[in-house]
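Below you'll find the structure, written out as structure tokens, and then a few comments.
None of the figures in this text is laboratory data; all of them are computed from the coordinates on show. Since the model is a prediction, treat every value here as computed from it, not as a measurement. Don't worry about glycine lacking a Cβ; one is built from the backbone with ideal geometry, like all the others, and counts go over all protein chains shown.
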Amino acid sequence: MDPLSALRDFTIRDELDQIVRVGDEFRFGGDYAFPCGIATAYRSKQGSLYTLETLVYFVTNHHLKHTDYMHNARLQNLPAVTFIDRKPLLDYLQGKVSSSDAIQFLPQSQNPKFPPTTAPSADEYRPEDPGMVPINDFDVNEEAKIAASEDYMSMIRVSERPLKDRERILECRNRDFYSVLIAAQKRDEERQRLESQQRKDGLVAKNRLMRGDERGFGDELGYDSNPKPKMLLKGSKIGEGVPIILVPSAFQTLITIYNVKEFLEDGVFVPTDVKVKQMKGPKPDCVTVQKKFSRDRVVTAYEVRDKPSVLKAEDWDRVVAVFVLGKEWQFKEWPFKDHVEIFNKILGFYMRFEDDSLESAKNVKQWNVKIISISKNKRHQDRAAALEVWDKLEQFMRSRSRG
């Protein structure tokens with residue numbers, strides 16, 4: 001009996017517990033014994049024949065989920081039965097169907113437990129013995145030759161041992177590329193830091209030259225030795241120094257000092273609670289942002305702060321924009337009379353989810369602020385919202401520079 005039929009017979013009789021592995025062979029009670037790695041007559045949809053070892057492990061673990069079965073088979077270093085072969089193979093082994101197109105029986109040979117004893121071995125071959133006739137003199141048909149060849153291949157497969165799988169092929173022993181990754185990240189961070197510093201230095205120099213042109217050159221360097229104090233009045237220019245953007249310190253707003261950098265520089269909205277969990281160290285008092293996705297050579301840097309109470313009078317001259325929370329108390333102790341004066345001198349933004357109720361923005365609709373809507377789930381749309389903020393901010397900066 002072939003190994004597939006023997007396994008089916010023991011499965012139908014519910015005697016799988018009598019199939020015992022001893023060394024490199026499976027013993028079916030006291031009836032049969034087959035090599036563990038012998039190929040059975042069941043061919044998978046992928047074209048290869050399942051081994052007896054694979055089928056025995058499958059039929060004894062068919063009650064598991066297929067993902068769990070695949071995981072356990074991989075741990076046992078066994079080829080697994082594919083998902084598409086699972087049901088038809090189990091139906092055949094349990095006797096629910098009598099045959100299958102995937103079965104290709106070979107001509108029956110003797111039970112491997114009892115190998116033939118009459119056939120002479122190569123050591124016993126004696127040409128002078130008249131009883132020994134060369135095999136070429138026998139009339140052996142092609143089918144028998146193919147069967148014998150496949151028997152030899154089965155014997156070879158039994159002795160084969162897998163050395164590598166597709167995952168191990170991708171592994172490089174004695175090679176550590178983590179240090180390469182860290183070195184590349186450090187070089188990239190250093191390059192960005194230098195570029196950022198160069199842009200800041202260029203911005204400061206440009207601002208000083210512009211202020212010198214406005215006041216008249218007092219000395220050879222172009223600086224006024226007795227500068228007059230500047231007050232930010234309606235229509236006047238912005239105070240000297242890096243412009244400031246204010247954001248709420250409350251967590252119930254979408255844009256805070258934790259996630260403003262990712263939103264304005266990368267065009268991606270990350271919830272504040274996620275950024276707080278990712279952040280290492282204390283909360284920053286100030287964050288510098290720049291418009292990275294811009295073709296302009298000169299990129300303006302902005303300081304983002306969330307504590308207006310610590311701003312001095314000259315700092316308020318540099319405030320150019322604010323992200324509003326929609327609550328009156330946000331502007332408590334601000335050096336302005338009312339909302340009209342605030343939003344005439346400072347550009348206002350209100351961030352909201354596009355499907356939020358308009359009732360939450362009823363106060364904002366009465367103010368001179370720009371409402372920016374983003375999606376709760378479609379992060380690819382965040383870039384357009386960030387660009388809208390930059391466009392309004394650059395337009396506001398140009399209008400103040402001409403004032």
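Listed values, structure above:
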item	result
Selection of chymotrypsin sites (Phe, Trp or Tyr not before Pro), the stretch 62-107, meeting DSSP coil and at most 13 other Cβ within 10 Å	105
Cα centroid separation, the stretch 27-49 to the stretch 261-333 (Å)	69 Å
Neighbour cut-off at most 16 other Cβ (10 Å), DSSP loop, GluC sites (Glu not before Pro), the stretch 11-105	15
Highest average packing first - 37-46, 303-312, 161-170, Cβ atoms within 10 Å	37-46, 303-312, 161-170
